[in-house]
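J.: Have a look at this one.
The values are calculated or read from the model by the stated rules, or taken from the named source; none is laboratory data. Since the model is a prediction, treat every value here as computed from it, not as a measurement. No Cβ is skipped: glycine too gets one built from the backbone with ideal geometry, and neighbour counts run over all protein chains shown. For the accessible areas, the whole protein counts, side chains as well, though only heavy atoms, and no ligand, DNA or RNA atoms are used. Shrake-Rupley method; radii C 1.70, N 1.55, O 1.52, S 1.80 Å.
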Amino acid sequence: LDLLGHADTPIGTIYLGRRPREGREDEWVYEMQISGHLLMSSLNNVSERQLSTSALALHEGPAPLRVLVGGLGLGYTAQAALEEDRVASVRVVEKMDFVIDWMNKGLLPLSEQLAADDRLEIVQGDIYEDLLSPASEQFDLILVDVDHSPDDRLAQGIGHFYTSEGQQQVARHLSPGGVLAVWSAWDNEYFAEVLWRMYPHSCRENVHWDDEEEKGNAFHNVLFFAGGLPQPSPDC
C-alpha cells in the first residue's frame, strides 16, 4: 500500500493509501484505514453510492433539491448525489480537517471530479452537532455516513442522534417531504423502531455485493431511510 497521508486522531491513526488493483495493474484502489483496520475502499463503494441514489429515488419532489451529506470519506456518496439532475447543491460536513486537505490536494480518488462541480460545498464541522442543534436552514435530503453502526459509534456523546429525542431535532432540518438516510454496517432494530415512531414513513434497505478481487467474499450493509417517503413499507 502506497501511503498518501496519515493523521493521529482521538479514535486512532487514520491512513490514506493506494495500491494497484489485483489483475489490473493500470488501476488504483484507494483505501482509508484506521489503526490498520479498513474503513473504506474505492473498490467496494456500492452502499456509499446507494445511500444517495436510493434516498433520491424515495424523494418525490422536483428540482431544485438541496442535499446535506455527513462525512466526506472517499467522496462516493457526494458524487452519486451530484449525478442526479434534480440536485441543485450538495453540502458536505466533514469533521476531520485532514480529509478535506486530502481532497483539496487531489489525493482522493474523486478529488478532480468533485472539485470541478460548483454545486459542491465542503465545510469542516460535526454533522451530529449540526443536526442536534436548532435548524437555521432545511435540506431535502440528509445523508449520514459516519459511524460503523448505531451501536458502534466512532465517538462518544453522539448516541443522542439515534434516540427519539434526537430525531425530533434532526427532523427540523428536513424540508417538507424530505428524506433522512443513514448508513450502517449492520442492522439495528432499536434505531429502526425510533425512525418508525418519529417519521411518517421509514424503511430499511439491505445492500449486498461481492468483492471484485476476492470472489466469494460477500458484503452486506444496511441503509435506514425516514421522512416523507412515498410508501410506508418496512423494506425499501
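J.: For the stretch 16-48: of the residues being within 16 Å of the chain's Cα centre (by Cα), polar (S, T, N, Q) and not in a loop (DSSP other than H, G, I, E, B), which is nearest to residue 82 (Cα to Cα)?
T.: Step by step, filter the stretch 16-48, then rank; the result is 47.
J.: Considering the stretch 77-91 alone, what residues qualify as being more than 14 Å from the chain's Cα centre (by Cα), more than 10 Å from residue 53 (Cα to Cα) and open to solvent by 30 Å² or more (accessible area, probe 1.4 Å)? Lay out the reasoning, then the answer.
T.: Of the stretch 77-91, the ones more than 14 Å from the chain's Cα centre (by Cα) are 83-89.
If we keep only those that are more than 10 Å from residue 53 (Cα to Cα) too, we end up with 85-89.
Once the filter is applied, which keeps residues that are more than 14 Å from the chain's Cα centre (by Cα), more than 10 Å from residue 53 (Cα to Cα) and open to solvent by 30 Å² or more (accessible area, probe 1.4 Å), the stretch 77-91 yields 85, 86, 88, 89.
J.: Evaluate the following for residue 78: is it in contact with a Leu (Cβ under 7 Å, 6 or more places away or on another chain), within 18 Å of residue 175 (Cβ to Cβ) and not in a strand (DSSP E or B)? Break it down into steps so the answer makes sense when it comes.
T.: Details: in contact with a Leu (Cβ under 7 Å, 6 or more places away or on another chain): yes; within 18 Å of residue 175 (Cβ to Cβ): no; not in a strand (DSSP E or B): yes.
Taking the combined requirement at face value, the residue does not satisfy it.
J.: Would you confirm whether any residue within the stretch 49-63 is surrounded by fewer than 20 Cβ atoms within 10 Å (Cβ to Cβ) and within 11 Å of the chain's Cα centre (by Cα)?
T.: Yes, the stretch 49-63 contains at least one residue that is surrounded by fewer than 20 Cβ atoms within 10 Å (Cβ to Cβ) and within 11 Å of the chain's Cα centre (by Cα).
J.: Any idea which of 31, 27 is out of contact with any Asp or Glu (no Cβ under 9 Å at 6 or more places or on another chain), within 27 Å of residue 95 (Cβ to Cβ) and among the acidic types (Asp, Glu)?
T.: Sole residue among the options that is out of contact with any Asp or Glu (no Cβ under 9 Å at 6 or more places or on another chain), within 27 Å of residue 95 (Cβ to Cβ) and among the acidic types (Asp, Glu): 31.
J.: Then there is this: For a quick check of your reading of the model, give me the residue pairs whose first member lies in the stretch 23-44 and is over 16 Å from residue 148 (Cα atoms) and of a type in the set (A, V, I, L, M, F, W, C), whose second is in a loop (DSSP other than H, G, I, E, B) and at pLDDT 90 or above, with beta-carbon atoms closer than 9 Å and at least 6 apart or on different chains.
T.: Qualifying pairs under 9 Å: 28/42; 28/109; 29/42; 29/43; 29/109.
J.: Do you know which of the residues in the stretch 106-140 that are without any contact (Cβ under 8 Å) to a residue 24 or more places away in the chain and assigned to a helix (DSSP H, G or I) is most open to solvent (accessible area, probe 1.4 Å)?
T.: 112
J.: I would also like to ask the following. Consider residue 143 against the criteria (1) part of a loop (DSSP other than H, G, I, E, B); (2) open to solvent by less than 20 Å² (accessible area, probe 1.4 Å): it satisfies all of them except one. Which criterion is unmet?
T.: If we test residue 143 against (1) part of a loop (DSSP other than H, G, I, E, B); (2) open to solvent by less than 20 Å² (accessible area, probe 1.4 Å), just (1) comes out false.
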